[in-house]
Amino acid sequence: MKILHISDLHFPKKLSLFSLRGKAIVGYLSYRLRRKSKHPLVLISAMVEAISKLEYDALVISGDLTNVSHPGEFENAKEILKPLLTDKTFLIPGNHDRYQKRAIGPNPLFEKTFSEWMGTSLDPNLYIRSKKIAGKVFIGWDSNFAIPRITANGYVAPEVITKTVQSIEEPYILVCHHPLWNPKSEIESRGHRMLNRAEVIDKLKANPPQLYLHGHTHTNWVKLPGVRAPFPIVNSASSTRLSDRSHECGFHIIEVGKPIQYRRFIYSEDQFIETNPIFYEESEGVI
Ligand SMILES: [Fe+2]
Ligand SMILES: [Fe+2]
């Protein structure tokens, strides 16, 4: 089973300020000024082309397809991803896909646009979604919630964790937007981290996933199984961002076997090329 994992695509889309409300106005202006140039169109095309040529069994996208959850951004994301959206694809939302009230409910924009690739719901009151791809179970969580302020925290309700560990009876891959662990050089700020990640890790111990795939912090890593989290934690964010001194960007192909094998691809001189993954022992970071 080969899993191609991309994340934090943040596809650019020019929006009229008149079509935005509340914090989306500030969020969009900040994106235009600070982040848009980091996600150039030429890199996005190269990523889609590279993925189209690679061999994989499942394509996982762990959220942040948009910037401020505008309807035009969702349509744009779907259009760009069209060649990659197949029955092998499994995706979940990131905090930027839940940015505005209309992206949360009762008929959320993410679900309206991508329900075909989100798997089936295991509980009508909780976000636990499941999809079997090439015989492997993928579970998706939504760690995002409605926040009026410009913060990017995550949270997973204890009921979601408990129901997941109690109801999944075979080896599974868990996909969620927020990291559960960070290297010491990439500690999350108070306004950016998953608030209850120690609780998530402790509860998952009852039935740990084979892999935890996430994004949110825009730099790549693989945390190897450790004492607190006895499973690998893989960050493939951001797959559409230019690398620089503090951001190691790209995507992974993970071959789930014994042992699990990792390949990493980065953008370099107009194309994606293979390079070394970045491995950490659990003790080199924090939960
Ligand atoms: Fe992101
Ligand atoms: Fe994020």
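Taken together, the values in this text are just the output of simple stated rules run on the coordinates, not laboratory data. Keep in mind the model is a prediction, meaning the values are calculated, not measured. FYI the Cβ positions are ideal-geometry reconstructions off the backbone, even for glycines, and counts take in every protein chain you see.
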All-pairs Cα distance distribution in segment 193-238, expressed in whole percent, bin size 5 Å: 6, 21, 28, 27, 16, 3, 0
Global geometry of segment 75-219, whether rounded, prolate or oblate, following the gyration tensor of its Cα atoms and the 1.5 cut on a/c: rounded
Cα convex hull of segment 125-180 - mean projected area over all directions, nm²: 4.7
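Summing +1 for each Lys or Arg and -1 for each Asp or Glu, what net charge is found among the other residues whose Cβ lies under 15 Å from the Cβ of GLY215?
Working: positive: ARG35, LYS38, ARG98, ARG193, ARG197, LYS223, ARG241, ARG264; negative: ASP8, ASP64, ASP97, ASP142, GLU186, GLU188, GLU248.
Residues near GLY215 contribute +1 overall.
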Reach of LYS23 by Cα under 18 Å, taken over lysines that are not fewer than 8 positions away in the same chain: LYS13, LYS14, LYS36, LYS101
For segment 197-223 versus segment 264-287, the gap between their alpha-carbon centres in whole angstrom: 17
GNM top mover of ASP270, ASP57, ASP142 - the chain, alpha-carbon springs below 10 Å: ASP270
Whole-angstrom Cα spans of segment 212-263 along principal axes, big to small: 32, 23, 16
Contour excess over end-to-end distance, with Cα ends at THR120 and LYS163 and 0.36 nm allotted per residue: 14.0 nm
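Normalise the Cα radius of gyration of the chain by 2.2 N^0.38 Å (N = residues in it) and let me know the number.
Details: Rg = 17.4 Å, N = 287, 2.2 N^0.38 = 18.9 Å.
Normalised by 2.2 N^0.38 Å, the Cα Rg of the chain equals 0.92.
Kirkwood Rh over Cα pairs of segment 234-281 into Stokes-Einstein at 25 °C, 0.890 mPa s: D in µm²/s?
Details: Rh = 11.4 Å.
So the translational diffusion coefficient is about 214 µm²/s.
Add +1 for every Lys or Arg and -1 for every Asp or Glu among the other residues with Cβ under 15 Å from the Cβ of PHE11, and state the total. Display every interim value, and only then the final one.
Working: positive: LYS13, LYS14, ARG32, ARG35, LYS36, LYS38, LYS78, LYS82, ARG241; negative: ASP8, ASP64, GLU73, GLU75, GLU79, ASP97.
Computed value for this residue: +3.
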Residues of type lysines that LYS184 reaches as a straight line, Cα spacing below 21 Å, ignoring anything fewer than 8 places off in the same chain: LYS223
Only Lys, Arg (+1) and Asp, Glu (-1) charged, at Cβ; the chain dipole about Cα centre in debye: 860
Pairwise centroid distance, computed over Cα atoms, of segment 16-83 with segment 90-144, Å: 17
Environment charge at VAL286 (Cβ cut-off 11 Å; Lys +1, Arg +1, Asp -1, Glu -1): +1
Neighbour-count order for LEU15, LEU20, fewest beta carbons within 10 angstrom listed first: LEU20, LEU15
